[in-house]
Ligand code: DQA
């Protein structure tokens with residue numbers, strides 16, 4: 001855990017404490033908890049977001065979900081223009097598999113985006129095994145349930161840590 005870092009790492013803790021990360025969720029993820037729980041689990045999106053806040057109290061986490069592709073694009077452009085964000089953890093839902101507009105938007109921003117999925121999309125139906133956004137994301141985490149979001153945040157922190165070396 002970050003809180004267990006020694007005194008010599010205090011600067012790093014301070015740096016991390018000001019990091020802002022956007023957790024961005026696409027279509028149908030508002031239905032978590034009710035939607036196919038055998039695939040996506042019983043936690044609601046609010047449950048997951050609350051757990052993230054509890055796990056990363058040193059971060060400034062922002063949460064945004066929309067059923068609307070355009071709203072997701074606008075949110076990405078908004079935080080890019082605003083600046084000050086370390087990265088984005090994105091579960092694009094079904095848009096993952098076909099949205100060239102979302103892919104282009106991720107390409108258009110400089111903020112690193114980590115693609116996450118609750119389910120293992122490579123162990124499901126054929127159409128889910130293609131992600132049109134993976135190539136423009138810094139990495140993909142798929143199949144760890146709600147933990148995929150936690151791992152996505154850790155991955156972003158790792159990127160920034162490496163950049164600071
Ligand atoms: C999902 C996988 C997608 O195929 C699906 O359309 C979703 C959720 C996941 O988190 O496992 O909506 O992104």
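Tabulated results
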read-out	value
Hull volume in cubic angstrom per residue (convex hull over the Cα atoms of the range 11-164)	99
Helix 69-82 axis, angle to the chain major axis (alpha carbon atoms, nearest 10°)	20
Histogram of C-alpha separations across the range 62-142, 10 Å bin width, %	18, 56, 23, 3
Cα long-axis angle, helix 45-55 against the chain (0 to 90 degrees, to the nearest 10)	20
Contact order relative to length of the chain, as percent, for alpha carbon pairs under 8 angstrom and 6 or more apart	23
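Just so you know, all these numbers are worked out from the coordinates, no wet-lab data involved. Keep in mind it's a predicted model, so treat the numbers as computed, not measured.
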